[in-house]
């Protein structure tokens with residue numbers, strides 16, 4: 001009951017906080033930034049702008065997998081407010097420059113404070129809370145490269161004090177907290193500013209530079225004792241404020257230099273008007289959120305717009321305002337477009353998030369691809385998972401390949417296509433730390449006795465990257481390369497076990513793994529495990545490009561449909577130690593909380609059972625996308641979990657993310673209209689949609705009866721109307 005009251009108060013305060021400057025209601029009022037901030041959604045509630053480098057947000061912990069974003073809704077105390085965070089990842093990092101305002105004695109065990117949920121307010125570009133132990137009100141807002149804090153201290157409680165902790169960060173263990181800063185240098189500039197540099201190491205080894213400016217002079221500085229291993233200082237600053245004054249703090253950050261941090265701050269936040277920066281953040285969010293207009297219940301609108309919000313948090317432009325950025329080789333370069341994107345969680349986002357960017361943010365796509373090519377220039381292969389421009393080698397495959405191929409096939413031409421294909425070709429044929437091309441080519445799969453971890457999953461994901469490369473080669477007229485990659489794209493067939501009709505590990509002698517536990521979960525680092533964050537039941541369906549071939553191997557459509565249906569009817573058990581925390585959102589052995597399952601419900605539509613797809617997407621929608629802090633079934637994973645919802649709400653999904661065909665499902669909202677160009681909109685309507693009317697009876701595209709299984713990308717981008725007639729009868733032949 002308390003959670004419900006808290007959320008009702010949130011919605012009220014968010015609505016009041018999100019009025020645009022002309023008095024019109026902002027769409028940010030439909031965003032609940034607390035969705036995913038409990039359980040294992042790993043989202044943060046703080047202030048950021050679309051694709052920005054800064055995420056100013058509270059931290060309630062920082063030393064475990066639970067705190068990948070630094071915040072858990074159920075925690076009772078706030079440790080402070082840091083300037084950088086990740087959205088929904090499965091590994092912790094960032095959490096740079098922790099600030100905590102307080103009153104009273106400087107000498108204390110810690111500077112944590114209790115807070116009341118009823119006064120915690122968050123909306124896109126804004127966060128506010130009252131630290132009840134100190135009676136200090138904290139407000140946060142942000143620009144792309146700067147954070148802006150505003151503190152209101154109580155009168156008659158002595159000096160206003162502020163902890164500035166330059167050692168803190170989001171890490172995997174308490175020991176790492178004291179060792180993750182490798183280098184640090186701090187300089188005071190006058191009595192109202194400090195500048196500095198840190199080199200830190202957690203998920204990646206990275207540099208950041210900062211300038212911290214106060215609107216009031218520091219009148220007392222206390223350097224706190226260091227813990228063994230600490231390389232960076234922690235300060236307490238005292239400020240003398242009059243009763244009506246607020247302490248305001250601006251933090252500019254750069255990955256290039258202190259001069260870059262100063263220029264970012266001066267360019268984006270030159271004054272001290274907190275409300276102006278907040279209003280600008282709201283306007284920035286409205287520019288993206290307004291690309292979709294929806295009708296539905298209040299909770300449905302919140303689920304939809306919060307999903308859009310999570311989608312547009314990243315990738316993050318880490319280039320300075322003048323275009324300088326630090327590359328993968330740690331050298332400084334300049335981008336002519338003044339963009340260099342990072343936070344590419346490609347194993348997750350190639351599936352639906354990047355295809356959704358091609359529809360809702362097409363102006364970003366060329367810059368995403370060009371960033372990948374710049375990364376290739378410095379590293380020698382395309383990005384796998386990049387954070388602040390550095391490769392962390394997390395996950396498997398090289399899924400920059402499908403993102404680039406999809407962009408080209410959809411007509412994006414703001415990048416050098418020949419260079420892009422050469423980068424793809426090199427990345428998929430030249431060995432690097434996350435590839436085994438010589439073994440893959442020799443055997444036609446990765447034998448588990450030669451590749452000790454994730455051999456099945458890696459084979460399947462390599463095959464999809466090969467398919468993507470083949471499609472781009474074909475479009476470019478490269479017949480030899482097309483034939484090469486097309487052949488490799490069929491390697492998945494070599495791991496289909498005819499006995500179990502599941503994907504099963506095989507050794508270099510061609511012998512199947514025995515014994516074979518189809519429910520055994522495994523993950524990276526799990527020697528003897530053949531799968532990535534999953535098991536045989538979940539990964540068997542990871543043939544996004546060759547489902548016809550998989551269907552044939554399983555004995556035809558009917559047998560495949562029966563096998564697929566059993567996935568959802570098996571016991572939702574988890575066996576083994578392999579990332580049980582990620583294999584969540586279970587319906588039988590289907591795991592919506594992890595990305596390899598995301599396309600699976602739509603496969604029934606390809607097996608002449610669209611009504612089963614329609615049933616399942618409704619069940620997933622109703623169970624796993626809820627307007628509450630634990631409303632996500634798994635990590636948001638940089639917008640991928642949210643992208644699934646947006647596509648599904650519109651009634652289609654990119655089962656094969658390359659090339660622009662979307663499998664029809666069933667819409668979840670009665671009306672969605674998206675802006676596809678400045679003067680064109682694509683509208684989806686669902687007439688008769690209700691709790692019971694979840695089945696599609698008939699489909700019309702631009703007024704004509706539509707019988708296809710897919711809708712094409714070009715049909716969406718040309719504008720028009722897709723109308724679904726909904727009812728309570730299953731109709732598998734529409």
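The values are calculated or read from the model by the stated rules, or taken from the named source; none is laboratory data. On a predicted model such as this, the values are computed, not experimentally measured, just so you know. Note that each Cβ is placed from the backbone with ideal geometry, even for glycine, and that neighbours are counted across all protein chains shown.
Below is a table of values for the structure above.
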{"quantity": "Matching residues in region 269-283 - criterion: being assigned to a helix (DSSP H, G or I) and without any contact (Cβ under 8 Å) to a residue 24 or more places away in the chain", "calculated": "275, 276"}
{"quantity": "Selection status of residue 141, at pLDDT 95 or above, outside any loop (DSSP other than H, G, I, E, B), in contact with a strand residue (DSSP E or B) (Cβ under 8 Å, 6 or more places away or on another chain) and over 21 Å from residue 631 (Cβ atoms)", "calculated": "yes"}
{"quantity": "Sole exception among (1) in contact with a helix residue (DSSP H, G or I) (Cβ under 7 Å, 6 or more places away or on another chain); (2) touching a residue at least 24 places away in the same chain (Cβ under 8 Å); (3) under 23 Å from residue 249 (Cβ atoms) for residue 118, by number", "calculated": "(3)"}
{"quantity": "Where residue 568 falls short, out of the listed (1) under 23 Å from the mean Cα position of the chain (by Cα); (2) in contact (Cβ under 8 Å) with a residue 40 or more places away in the chain", "calculated": "(1)"}
{"quantity": "Selection within region 200-218 - over 13 Å from residue 257 (Cβ atoms) and not in a loop (DSSP other than H, G, I, E, B)", "calculated": "200, 201, 205, 206, 212, 213, 214"}
{"quantity": "Candidate set from region 209-223 (those that are touching a residue at least 60 places away in the same chain (Cβ under 8 Å) and surrounded by 13 or more Cβ atoms within 10 Å (Cβ to Cβ)); member that is farthest from the chain's Cα centre (by Cα)", "calculated": "222"}
{"quantity": "All positions within region 169-184 that are in a strand (DSSP E or B) and closer than 14 Å to residue 97 by Cβ", "calculated": "181, 184"}
{"quantity": "Single condition residue 466 does not satisfy, out of (1) assigned to a helix (DSSP H, G or I); (2) farther than 26 Å from residue 595 by Cα", "calculated": "(2)"}
{"quantity": "Selection count where residues are under 15 Å from residue 725 (Cβ atoms) and surrounded by 13 or more Cβ atoms within 10 Å (Cβ to Cβ), scope region 689-710", "calculated": "11"}
{"quantity": "Qualifying positions in region 226-239 - more than 33 Å from the chain's Cα centre (by Cα) and at pLDDT below 95", "calculated": "226, 227, 228"}
{"quantity": "Cβ pairs under 7 Å, 6+ apart, first in region 397-425 and surrounded by fewer than 20 Cβ atoms within 10 Å (Cβ to Cβ), second at pLDDT below 95", "calculated": "409/659"}
{"quantity": "Candidate set: region 719-734, residues that are in contact (Cβ under 8 Å) with a residue 40 or more places away in the chain and surrounded by fewer than 18 Cβ atoms within 10 Å (Cβ to Cβ); chosen: the one nearest to residue 609 (Cα to Cα)", "calculated": "732"}
{"quantity": "Selection from region 381-396 of residues that are in a loop (DSSP other than H, G, I, E, B), on the phi < 0 side of the Ramachandran plot and surrounded by fewer than 24 Cβ atoms within 10 Å (Cβ to Cβ)", "calculated": "381, 392, 394, 396"}
{"quantity": "Among (1) part of a loop (DSSP other than H, G, I, E, B); (2) in contact with a helix residue (DSSP H, G or I) (Cβ under 8 Å, 6 or more places away or on another chain), the one test that residue 571 misses", "calculated": "(2)"}
{"quantity": "Any hit, region 442-456, residues being assigned to a helix (DSSP H, G or I) and closer than 17 Å to residue 596 by Cβ", "calculated": "yes"}
{"quantity": "Filter result for residue 487 (surrounded by fewer than 20 Cβ atoms within 10 Å (Cβ to Cβ), over 20 Å from residue 507 (Cβ atoms) and without any contact (Cβ under 8 Å) to a residue 40 or more places away in the chain)", "calculated": "yes"}
{"quantity": "Qualifying residue in region 456-479 (condition: touching a strand residue (DSSP E or B) at 6+ places or on another chain (Cβ under 6 Å), surrounded by 24 or more Cβ atoms within 10 Å (Cβ to Cβ) and over 15 Å from residue 372 (Cα atoms))", "calculated": "yes"}
{"quantity": "Index of the failed condition, residue 550 passing every other in (1) closer than 25 Å to residue 72 by Cβ; (2) assigned to a helix (DSSP H, G or I); (3) in the same structural domain as residue 519 (by TED's automatic domain parsing)", "calculated": "(1)"}
{"quantity": "Those residues of region 165-185 which are surrounded by fewer than 17 Cβ atoms within 10 Å (Cβ to Cβ) and at pLDDT 95 or above, in sequence order", "calculated": "182, 183, 184, 185"}
{"quantity": "Positions within region 546-564 being modelled with pLDDT of 95 or more and closer than 15 Å to residue 598 by Cβ, in sequence order", "calculated": "564"}
{"quantity": "Meets criteria (within 23 Å of the chain's Cα centre (by Cα) and surrounded by 22 or more Cβ atoms within 10 Å (Cβ to Cβ)) for residue 676", "calculated": "no"}
{"quantity": "Sole exception among (1) touching a strand residue (DSSP E or B) at 6+ places or on another chain (Cβ under 9 Å); (2) at pLDDT 95 or above for residue 574, by number", "calculated": "(2)"}
{"quantity": "Residues located in region 488-500, provided they are part of a loop (DSSP other than H, G, I, E, B) and more than 33 Å from the chain's Cα centre (by Cα)", "calculated": "498, 499, 500"}
